[in-house]
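The values are calculated or read from the model by the stated rules, or taken from the named source; none is laboratory data. Computed from a prediction, not measured in an experiment: that's the story for all the values here. Counting neighbours? That spans all protein chains shown, and the Cβs are built from the backbone with ideal geometry, glycine included. These area figures cover heavy atoms from the full protein model, side chains too; ligands, DNA and RNA do not enter into them. Shrake-Rupley method; radii C 1.70, N 1.55, O 1.52, S 1.80 Å.
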Amino acid sequence: MKEYFIQNAKAFVGETVTLKGWAYNVRKSGKIWFLLLRDGTGIMQCVVTSFDADEASFALKDEITLESSVLVTGVVKAEPRSPGGYEMLAHKLELVAIAEEYPISKKDHGIDYLMDNRHLWLRSKRQNAIIRIRHTIIKAIRDFFDARDFTLVDTPIFQKAATEGVATLFATEYFGEKAYLAQTGQLYGEAGAAAFGKIYCFGPTFRAEKSKTRRHLTEFWMVEPEMAFYDLDMNMDLAEEFVTYIVAQVLEHRRPELETLERDTSKLEAIQVPFPRISYTEGVKILQKNGVDFKWGDDFGGGDETIISSQFDRPVMVHRYPAAIKAFYMKRDPENDKQVMALDMLAPEGYGEIIGGSQREDDIEKLISRIKDDGATEEDYSWYLDLRRYGSFPHSGFGLGVERVVTWICGLKHIRETIPFPRTISRLNP
Ligand code: 4AD
Ligand code: MG
């Protein structure tokens, strides 16, 4: 089956083809009219004249409305002055369905209105660019791990125990028991690492984030590699190579989209290994030097992350955090019992945390004592503790939040545009 899409116009210059799409814009001037046709892959200027098009097609100029669906047959030629660099001389237009008056116009709509119309807003050039970049990022994620012999291990969404703290759990009824929506696949990923060596899980994760911020969704996609016999340094090596690869793939395949978003690509071109690595303690010193009233032991807030990351032109990896502010499964620093072998990666330009990870606690006694400190029981994590009972092994991993990375790479102010249908504290529809 031969199909023609606007993004491939170069390949069918000179041919007579049929393009299928929607009317993005209509401009009339006497004996000639111009239809900007949108097919999801690009925009083609179709020139309709009474000489080249049949009478019924030409007459559509008085009938066609914005977002009407239409098939246009004609000859494509290169035209540097038209959007996208090509133009079609139309011979025949077939109206598929007339659109009612389209709710989104060129005028500035408020963000709530646009979000209420998210199902239509996705058709806009800007949203199209963002979601296509998202697509490339997800493809790069899969390609990166697949090329390095990682096995995909899918992890459950209904889970019985908390992993990233009880404050952000979504609970649901599960045939007479309580289940929680996954905050992470990590604990299952660790079982996968013992079974397959190097694995990744990749799926939607859920956090009942009660604060309204530019960085939080209640449903977001996370990819989580987990590697047997990796220590914290190897974990950081992998993380920086991974993020560099993702950025390079977007630069290679999505230049036009980055241009639509007016992204300063020189900032992305600077993303090269090695990334700076600083300890949490060094991070605290940076904050204090910048006049922030910050004590060792506090957690970094969004503003603190911005100050730390703005010292560097590429992502910075912050390691060895106070145990008290990190999850129970992180390995104690053998050199300082107050610290854990954690790793956060902060994106440049103030975009904040894009990766959270650690080396995992492989000492069963230490792990049990952390579980109890959190007010949970051994019972709650019995299968997870088995991973330490039957051949405990050093291992490490991290989670990268897809929407955080899309926000940063696209240079957006808010995370809500990075996923087709965002879920936030105040949005469940559409
Ligand atoms: O730092 P987090 O909570 O780490 C974990 O969940 C670990 N279990 C991962 C692992 O080691 N396998 O989350 C990881 C990343 C964050 O760095 C951030 O990019 C993203 O997930 N993230 C969110 N993205 C959007 N909205 C939220 N509410 C997010 N919470 C975390
Ligand atoms: Mg984190």
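Observations on the model:
- Charged neighbours of Gln339, selected by a Cβ distance under 11 Å, balance to +2 (K, R count +1; D, E count -1).
- Relative to the longest principal axis of the Cα atoms of the chain, the long axis of helix 280-289 lies at roughly 70 degrees.
- Spin-label model, Ala167/Gln7: points 7 Å from Cα along the beta carbon direction are separated by 4.0 nm.
- Counting every alpha-carbon pair across the chain, the share separated by more than 40 Å comes to 31%.
- Label zone at Gln272, where the point sits 7 Å out along the Cα-to-Cβ direction: segment 315-334 residues whose backbone N lies under 19 Å: 315-317
- Asp373-Tyr102 FRET efficiency (beta carbon distance; Förster radius 51 Å; 0.05 resolution): 0.35
- With Cα atoms defining each centre, segment 180-223 and segment 139-174 are spaced 4 Å apart in the structure.
- Annotation: peptides 187-197, 395-405, ranked by per-residue average of other Cβ atoms within 10 Å with the highest first, follow the order 395-405, 187-197.
- Rolled with a 1.4 Å probe across the full set of protein chains, the surface gives Lys331 an accessible area near 40 Å².
- Of the GluC sites (Glu not before Pro) in segment 257-296, those whose Cβ has at most 12 other Cβ within 10 Å and which sit in DSSP loop: Glu262
- MRE, 222 nm, helices only [DSSP H, n ≥ 4, -39500 (n - 2.57), over the chain, to nearest 500]: -8500 deg cm²/dmol
- Peptides 332-340, 24-32 ranked from most to least packed give 332-340, 24-32, packing being the mean of other C-beta atoms within 10 angstrom over each peptide's residues.
- Extension gain, Asn336-Asp313: 0.36 nm per intervening residue step, less the Cα-Cα distance, totals 5.3 nm.
- Model label sites at Phe196 and His91, defined 7 Å from Cα along the beta-carbon direction, differ in position by 5.2 nm.
- Average accessible area per residue (Å²) across the chain - probe 1.4 Å, nucleic acids and ligands excluded: 48 Å²
- Taking a ≥ b ≥ c as the square roots of the eigenvalues of the Cα gyration tensor, segment 212-257 is oblate, since a/c reaches 1.5 or more and a/b is not larger than b/c.
- Counting charges near Glu3 (Lys, Arg +1; Asp, Glu -1) among other residues having Cβ under 12 Å from its Cβ returns a value of +1.
- Solvent-accessible area, 1.4 Å probe, carbon plus sulfur percent, for the chain: 52 percent
- Among 349-358, 160-169, 413-422, the order from most to least packed when residues are scored by Cβ within 10 Å on average: 349-358, 413-422, 160-169
- Compared with the alpha-carbon gap, the fully stretched path from Thr265 to Gln127 is longer by 47.8 nm at 0.36 nm per residue.
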